[in-house]
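*Asks:* To start, I am sharing the structure in question, which I have written as structure tokens.
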Amino acid sequence: MKYTVDQNGYYGKFGGAFIPEMLYPNVEELRSNYLSIIESQNFKNEFDSLLQNYVGRPTPLFFASRLSEKYKAKIYLKREDLCHTGAHKINNTIGQILLAKRLGKQKIIAETGAGQHGVATATVCALMGMECIVYMGKLDMERQRPNVERMRILGARVEAATSGNMTLKDATNEAMRHWINHPTDTHYIIGSVVGPHPYPDMVARFQSVISAEIKKQLQRETGNPYPDYVVACVGGGSNAAGAYYHFLHDEHVQLIGVEAAGKGVDTPESAATTALGRIGILHGSKSLLMQTDDGQVIEPYSISAGLDYPGIGPLHAHLFDTGRVQFLNVTDEQAMNAGIELSRMEGIIPAIESAHAVAALSQLDLSDEDIVVVNLSGRGDKDLETYIKWGRY
Ligand SMILES: *Cc1c(COP(=O)(O)O)cnc(C)c1O
């Protein structure tokens, strides 16, 4: 079984590029150039140097001894929470801005929901001296004020999307519209392994540094580059894609994806796409998504903004379809408890997204000798308000 993208931009029956005709030249320019650019030595040198000296890579692979004792397995945490700006997202924004420069673009646009991808984009635009516009739903701007101000401090313009529910989907529509109108000078940085081909493959490649490092670090630590399990949370799926990437074709490594169940998969308030979704088209690709019988996208819900997305990327739909990745889901309650447990047991306050991955440990049938890598996608600073409101600590 092959898990990487094919010639036509598909992962099995998922993927493709379902875009309005007016967007075709932009996407085609990217598609026909991305591989030759990111595989060039010149690109690799600049990307690796920035990952090392700006982002702070390699991030540590930390043996969590108290957690290991509790779950009766050898548990390692891949510390993406220690990346500059607090999460894995910057791996991708650095890659895309270097690509945009080589395509001769001067301006960057992005969409953002909770603001994490917007901040990572505004950051690399400041670094490169490029103009940056971030589209964000008006409602999200009110809910995520600190991130709006972070982007503004970094010099980005934050544009309110005022259509629909005024959230992520509407911000994405606005960004697409802007891109159609400015095809020659602007690159659109998408924040996860979603969107039309080549975005899912491109973003997965930029994030694949995570599993490349895990292999080296495990080899050094244990004498074997292969863990028994890799566990990661899945919103759109970029941190998971990065953590799985170099293990995809090693079938003895069990890959676990953790989705947000919200209040529970049997309630209307959930974001567990593999449990609730069906095949459909969202944001330019064919994948699994939560929709009504007549194809209307269902508003997802999770306590964690980064997992509050009604679909998953096409790679993950294929990994689910083929059984290569086992998908689990974790409720708000279980995630919050795991976040507080990790804080108490290891001195690490995780992003609530990442707490979902930690919470899934109790659903695995682990034995003493099992080596488990949990991808800690981000840190909890941004979620302090949510922890305070939760209050049970
Ligand atoms: C955005 C985000 C996620 C979810 O996005 P993926 O593309 O699924 O990785 C997970 N964790 C953190 C910390 C995030 O900021």
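*Asks:* Residue by residue through the range 174-185, note down the ones that are within 11 Å of ALA110 (Cα to Cα) and not hydrophobic (A, V, I, L, M, F, W, C).
*Replies:* GLU174, HIS178
*Asks:* Among the candidates ALA338, ALA359, which residue alone is part of a helix (DSSP H, G or I), in the same structural domain as SER287 (by TED's automatic domain parsing) and touching a His at 6+ places or on another chain (Cβ under 9 Å)?
*Replies:* So the residue among ALA338, ALA359 that is part of a helix (DSSP H, G or I), in the same structural domain as SER287 (by TED's automatic domain parsing) and touching a His at 6+ places or on another chain (Cβ under 9 Å) is ALA338.
*Asks:* Please go through the range 1-19 and give me each residue that is surrounded by 13 or more Cβ atoms within 10 Å (Cβ to Cβ), part of a loop (DSSP other than H, G, I, E, B) and among the hydrophobic types (A, V, I, L, M, F, W, C), ordered by number.
*Replies:* VAL5, ALA17, PHE18, ILE19
*Asks:* Name the single residue, out of those in the range 368-385 being touching a Gly at 6+ places or on another chain (Cβ under 7 Å) and assigned to a strand (DSSP E or B), that is nearest to the ligand (Cβ to nearest atom). It would help to see each step written out before you state the result.
*Replies:* Filtering the range 368-385 down to residues touching a Gly at 6+ places or on another chain (Cβ under 7 Å) leaves 378-382.
Now restrict to residues that are assigned to a strand (DSSP E or B): 378-379.
Working: GLY378: 2, ARG379: 8 Å.
Per the criteria, the residue is GLY378.
*Asks:* Being touching a residue at least 60 places away in the same chain (Cβ under 8 Å) and of a type in the set (Lys, Arg) is the filter here, so list the residues in the range 268-296 that pass it.
*Replies:* LYS286
*Asks:* Right, next: Across the range 242-268, what is the total count of residues that are in contact with a helix residue (DSSP H, G or I) (Cβ under 7 Å, 6 or more places away or on another chain) and either within 20 Å of ILE352 (Cβ to Cβ) or of a type in the set (Ser, Thr, Tyr) (or both)?
*Replies:* The number of residues fulfilling the criteria is 12.
The rows are residues; the columns are (1) in the same structural domain as HIS316 (by TED's automatic domain parsing); (2) among the β-branched types (Val, Ile, Thr); (3) buried (at least 19 other Cβ atoms within 10 Å of the Cβ); (4) over 25 Å from ILE19 (Cα atoms).
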site: ALA212; (1), (2), (3), (4): yes, no, no, yes
site: VAL231; (1), (2), (3), (4): yes, yes, yes, yes
site: GLY236; (1), (2), (3), (4): yes, no, yes, no
site: VAL253; (1), (2), (3), (4): yes, yes, yes, yes
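*Asks:* Select from the range 297-337 the residues that are of a type in the set (D, E, K, R) and touching a residue at least 12 places away in the same chain (Cβ under 8 Å) and list them in ascending order.
*Replies:* The first filter runs over the range 297-337 and keeps only residues of a type in the set (D, E, K, R), leaving 299, 308, 321, 324, 332-333.
GLU299, ASP308, ASP321, ARG324, ASP332, listed by residue number.
*Asks:* Suppose we filter LEU61, LEU50, LEU82 for residues that are buried (at least 17 other Cβ atoms within 10 Å of the Cβ), more than 29 Å from VAL325 (Cα to Cα) and at pLDDT 95 or above; which single one remains?
*Replies:* Just one listed residue meets the conditions, LEU50.
*Asks:* Residues in the range 302-318: is at least one touching an Asp or Glu at 6+ places or on another chain (Cβ under 7 Å) and assigned to a strand (DSSP E or B)?
*Replies:* No, every residue in the range 302-318 fails to be touching an Asp or Glu at 6+ places or on another chain (Cβ under 7 Å) and assigned to a strand (DSSP E or B).
*Asks:* Here is a list: HIS187, HIS249. Which entry is assigned to a strand (DSSP E or B) and away from the ligand (no atom under 16 Å from the Cβ)?
*Replies:* HIS187
*Asks:* Here's something else I'd like to know. Looking for whichever is more than 18 Å from ALA114 (Cβ to Cβ), aliphatic (A, V, I, L, M) and within 13 Å of the ligand (Cβ to nearest atom) here; the options are LEU288, LEU328, LEU307, LEU315. Which one fits?
*Replies:* Checking each option against the conditions leaves just LEU315.
*Asks:* Sticking with this structure for a sec: Kindly provide the set of residues from the range 316-347 that are among the acidic types (Asp, Glu) and farther than 21 Å from VAL230 by Cβ, ordered by number.
*Replies:* Once the filter is applied, which keeps residues that are among the acidic types (Asp, Glu) and farther than 21 Å from VAL230 by Cβ, the range 316-347 yields ASP332, GLU333.
The values are calculated or read from the model by the stated rules, or taken from the named source; none is laboratory data. Given the structure is predicted, the values throughout are model-derived calculations rather than measurements. Neighbour counts are summed over all protein chains in view; Cβ atoms, including those assigned to glycine, are modelled from backbone coordinates with ideal geometry.
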